[in-house]
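K.L.:
Sharing a structure here in structure tokens format.
Since every read-out is calculated from the coordinates, none of them should be taken as a lab result. Keep in mind that what you see is a predicted model, and the values were worked out from it rather than measured. Neighbour counts are summed over all protein chains in view; Cβ atoms, including those assigned to glycine, are modelled from backbone coordinates with ideal geometry.
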Amino acid sequence: MKFLLVLCSFLIFGVPNGQGGMIQYRTMIKKITGYSYTKMFEKYGCTCDNRDNVKPEDAIDRCCWRHKCCYKNIDENCGPDWRPYDYSFVEPDELCCDSSDSCKNKICFCDMNFAYCLRSQLTNFNWKTRNYSRTKCQQSNTKCPN
């Protein structure tokens, strides 16, 4: 009986497209941007490779900075470090965070906004800023907005 209930749920609502975590997070970015996070964005600019207290170099780097800020603004009890969450694509281009847990939805929301931010800035992608040297990064004391 339980199997039939699960099967019916999948038939009615569709199979979930992903659950949070490092692999799923990168899958979400790939699906929304069309590019691999690891190959295109991971070492982009000054903030995309987890450097703190540095000034973003351009619009894509600012997406990474905002993503970090989003994580920092999540309640400490949530701990955004790759906590699994549910998400699905309701349209080919429209993502929906599906978790019943508010912490998981906050994390999903940060990741979703990050992926959409990256996509919106693809025309600003600068190949010279990919694999950017740490020595070129400028220190910054800019605080994350709340």
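K.L.:
Quick one: of K106/K128; K31/K143; K30/K68; K39/K106, which pairs are farther than 28 Å apart, Cα to Cα?
P.N.:
Numbers: K106/K128 33 Å; K31/K143 31 Å; K30/K68 19 Å; K39/K106 26 Å.
From K106/K128; K31/K143; K30/K68; K39/K106, over 28 Å: K106/K128; K31/K143.
K.L.:
Using a simple charge model, +1 on the beta-carbon of Lys and Arg, -1 on the beta-carbon of Asp and Glu, nothing else, what dipole does region 29-146 show about its Cα centre, in debye to the nearest 20?
P.N.:
Charge dipole of region 29-146: 680 debye, to the nearest 20.
K.L.:
Another one. How big is region 15-136 on each of its three principal axes, counting only the C-alpha atoms and giving the largest first in Å?
P.N.:
43, 33, 19
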